[in-house]
Amino acid sequence: MSLFQLNEAYVDVAAALHATSFEHPWDKKEFLSLLSLPTTKGWIDDSSLLLVSHVLDEIEILTILVHPNFRGQGKAFSLLTHLIQYAKQNNVRQIFLEVNIQNTPAISLYEKIGFQKTGIRKNYYKMKDERGQFVFKDALLYTFLTHI
Ligand SMILES: CC(C)(COP(=O)(O)OP(=O)(O)OC[C@H]1O[C@@H](n2cnc3c(N)ncnc32)[C@H](O)[C@@H]1OP(=O)(O)O)[C@@H](O)C(=O)NCCC(=O)NCCS
């Protein structure tokens, strides 16, 4: 399956994919709600998903994932390359996102493609540790400038 623009027809696939990769996955309703906004854009294939919010000359990455069985094959890099191309074609000046400070694969991915660390949000994520206790983790802010 090649990359499709995410629309209502794919929300089941999107929710199933999201559940493979996040502790608190978004369900079908949440995808429908996001897609009802004119600012939401997304791309999907059978093993990866990218959802963004595009407002004027800025894009925020809402979620990006690759199914665990298909990681390490350059799929996320391709998704982001596609997004940067879309951004340049649509006069977007910057793409930004938040990432858990402990998410090494994602941080390496963003740095490899040229995102710069631009800030930190202390105690941004509330998560459970291995003993089931709630803990708070910082988020790093990353920004990619398209230089258009
Ligand atoms: C982060 C994620 C999207 C990467 O997807 P992927 O398709 O495996 O990534 P790619 O194969 O395109 O890798 C591109 C680069 O990302 C980095 N990377 C990917 N997986 C990595 C890992 N396990 N450890 C360290 N760096 C990693 C590397 O820099 C890699 O480049 P390299 O292959 O030259 O070393 C994937 O691990 C995932 O879905 N994780 C769960 C969801 C998630 O955390 N999303 C991000 C939320 S902010």
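Details
- Subset of region 45-69 [more than 13 Å from the ligand (Cβ to nearest atom) and part of a strand (DSSP E or B)]: Ser53, His54, Val55, Glu58, Ile59
- Looking only at region 118-144, and only at residues there that are in contact (Cβ under 8 Å) with a residue 40 or more places away in the chain and surrounded by 14 or more Cβ atoms within 10 Å (Cβ to Cβ), the one that is nearest to Asn91 (Cα to Cα): Phe144
- Members of region 83-104 that are within 14 Å of the ligand (Cβ to nearest atom) and either in a strand (DSSP E or B) or without any contact (Cβ under 8 Å) to a residue 12 or more places away in the chain (or both): Ile95, Phe96, Leu97, Glu98, Val99, Asn100, Asn103, Thr104
- Any hit, region 12-31, residues being at positive phi and of a type outside the set (S, T, N, Q): no
- Unmet requirement for Glu111, which otherwise passes all of (1) under 19 Å from Leu17 (Cα atoms); (2) within 13 Å of the ligand (Cβ to nearest atom): (1)
- Number of the condition not met by His18 [criteria: (1) modelled with pLDDT of 95 or more; (2) assigned to a loop (DSSP other than H, G, I, E, B); (3) in contact with a Ser or Thr (Cβ under 9 Å, 6 or more places away or on another chain); (4) not charged (D, E, K, R)]: (2)
- Long-range neighbours under 6 Å by Cβ, at least six apart or interchain, first residue closer than 18 Å to Leu79 by Cα within region 1-14, second part of a loop (DSSP other than H, G, I, E, B): Met1/Asp45; Met1/Asp46; Leu3/Asp45
- Unique residue being among the aliphatic types (A, V, I, L, M) and either surrounded by fewer than 20 Cβ atoms within 10 Å (Cβ to Cβ) or in contact with a Pro (Cβ under 9 Å, 6 or more places away or on another chain) (or both) when the list is Ile101, Ile44: Ile101
- Number of positions in region 70-82 that are near the ligand (Cβ under 6 Å from one of its atoms) and assigned to a helix (DSSP H, G or I): 3
- Lone unmet requirement of (1) under 12 Å from Leu17 (Cβ atoms); (2) away from the ligand (no atom under 14 Å from the Cβ) for Glu30: (1)
The values are calculated or read from the model by the stated rules, or taken from the named source; none is laboratory data. In this text, all values refer to a predicted model and were calculated from it rather than measured experimentally. Glycine also receives a Cβ, built like all others from the backbone with ideal geometry; neighbour counts cover every protein chain displayed.
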